[in-house]
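Read-outs throughout are calculated quantities, based only on the coordinates presented, and are distinct from any laboratory measurement. All values reported here derive from a predicted model rather than from experimental measurement. Heads up, the Cβs are rebuilt from the backbone with ideal geometry, glycines too, and the neighbour counts pull from every protein chain shown.
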Amino acid sequence: MYYESQKEREDDYDRYDDGAKGPTQTIKSIKTILDESPYKGSLKTKEMVSAQIEERFGAEAVKEYDPYQNCFTFREWLRRGYKVKKGERALRSVTYVEKRDPMGNVIKKYPKTVCLFYVLQVSPL
């Protein structure tokens, strides 16, 4: 499911957050996991990656694609306890980086290619 805004995503997943706290808590709530997601993309970016997933893995894989849960960079997969399978090639995406002056004003905005790996391209460490 794709959400048009961060607020819409949070509202939908709030119902799963039981707020349990304590030293024995080992499972994070869905909301906590999603808040940690590095995905900051747009609908156009999502469509670009979806097209690559469909080309490589088929239409069924596109139905399962969710940029918040199963398509991350190499480092993010490692952080989550997964490794990219040998021989897998990255999916290409674009993000825009803003260069700011010391006052916080945007001076320049430029595209940066991001290499992503889909869940079918990784395995547990």
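In the range 37-124, Cα pairs under 8 Å separated by at least six residues give a relative contact order of 31 percent.
Do the alpha carbons of any pairs in Lys63/Lys109; Lys86/Lys109; Lys44/Lys85; Lys46/Lys112; Lys44/Lys83; Lys44/Lys109 sit beyond 25 Å of each other, and which pairs?
On the way: Lys63/Lys109 32 Å; Lys86/Lys109 35 Å; Lys44/Lys85 27 Å; Lys46/Lys112 15 Å; Lys44/Lys83 27 Å; Lys44/Lys109 17 Å.
Pairs exceeding the cut-off: Lys63/Lys109; Lys86/Lys109; Lys44/Lys85; Lys44/Lys83.
Protection proxy ranking for 52-64, 94-106, using the average of other Cβ atoms within 10 Å per residue and placing the highest first: 52-64, 94-106.
Proximity of backbone amide H atoms, modeled 1.01 Å from N, is registered between Tyr82 and Leu125 at under 5 Å, excluding neighbours fewer than 5 places apart on the same chain.
On the basis of the beta-carbon distance and an R0 of 30 Å, Phe57 and Ile107 show a calculated FRET efficiency of 0.15.
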